[in-house]
Amino acid sequence: MSELIMRTARPDDVAQLTEMRYESTLEHHPELTVTDEQRRDYTDEMQEFLIEAIGSENWVVWLAEYGEEIVGHAYLEMVRKVPRPGRMTKPFIYMTNVYTRPQHRGLGIGSRLAQVIEQWARELEHDFIMVWPSGRGEEFYTKNGYSACSVPMELKL
């Protein structure tokens, strides 16, 4: 097997990332039925999102890659906070859509990706990384140094 590479996404990764998002959605929602038209609409929307995100300052997509195959990823949105007098305001990171392909799980790839992201975020002096894990993800994040914090409040619209 090739060496595991951790890197940020490029425009030529859009097709694989689009397929992986589709796969992860069906894995977590096996009851979901997607028509051909819905899949085409999703593909168009996801590819548009990725092209915009990869070229922006607001999103960074980190990848774990073996050879030409992306085996894991994490999407990071940089969230700017309102400046406050007396201190430099640094953005925080909202990490979402963390996924490792099923055949590559249990090999430490997700943990290695989390470590690389943490190191990168520290070097850029981001304030913190926030995740909203599913029940299954809580153990993974705890193992990787994350701790539970107050539950945010929301207003469903």
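The values are calculated or read from the model by the stated rules, or taken from the named source; none is laboratory data. As the structure is a computational prediction, the values presented were derived from the model and not from experiment. Neighbour counts run over all protein chains shown; Cβ positions are idealised from the backbone, glycine included. These accessible areas exclude ligands, DNA and RNA; they are computed on the full protein's heavy atoms, side chains included. Shrake-Rupley method; radii C 1.70, N 1.55, O 1.52, S 1.80 Å.
For the reader, a short list of remarks on this structure follows.
- Residues that are of a type in the set (S, T, N, Q), over 30 Å from residue 88 (Cα atoms) and under 14 Å from the mean Cα position of the chain (by Cα) within the range 100-157 comprise 100, 111, 134, listed in sequence order.
- Applying the criterion of being among the acidic types (Asp, Glu) and either open to solvent by less than 90 Å² (accessible area, probe 1.4 Å) or not in a helix (DSSP H, G or I) (or both) to the residues of the range 18-40, the residue that is farthest from residue 103 (Cα to Cα) is 31.
- Each residue in the range 44-53 was checked for being open to solvent by less than 40 Å² (accessible area, probe 1.4 Å) and out of contact with any strand residue (DSSP E or B) (no Cβ under 6 Å at 6 or more places or on another chain), and 2 of them qualify.
- Annotation note: Cβ proximity below 7 Å between a residue of the range 18-37 that is charged (D, E, K, R) and a residue that is open to solvent by less than 60 Å² (accessible area, probe 1.4 Å) and part of a helix (DSSP H, G or I) (sequence gap 6+ or interchain) occurs for 21/46.
- You will find that of 66, 141, the residue that is open to solvent by less than 50 Å² (accessible area, probe 1.4 Å), under 19 Å from residue 8 (Cβ atoms) and either modelled with pLDDT under 95 or of a type in the set (Ser, Thr, Tyr) (or both) is 66 and no other.
- When we screen 120, 132 for residues that are open to solvent by 70 Å² or more (accessible area, probe 1.4 Å) and out of contact with any Cys (no Cβ under 9 Å at 6 or more places or on another chain), the only hit is 132.
- Selection from the range 5-17 of residues that are under 12 Å from residue 65 (Cα atoms) and open to solvent by less than 50 Å² (accessible area, probe 1.4 Å): 6, 7, 9, 13, 17
- Selection count, the range 79-112, where residues are in contact with a His (Cβ under 8 Å, 6 or more places away or on another chain) and touching a residue at least 60 places away in the same chain (Cβ under 8 Å): 2
- Of all residues making up the range 53-97, the number that are over 15 Å from residue 124 (Cβ atoms) and touching a Phe, Trp or Tyr at 6+ places or on another chain (Cβ under 8 Å): 8
- Scanning the range 91-114 for residues that are over 11 Å from residue 64 (Cβ atoms) and either surrounded by 15 or more Cβ atoms within 10 Å (Cβ to Cβ) or among the polar types (S, T, N, Q) (or both) yields 91, 92, 93, 94, 95, 96, 97, 103.
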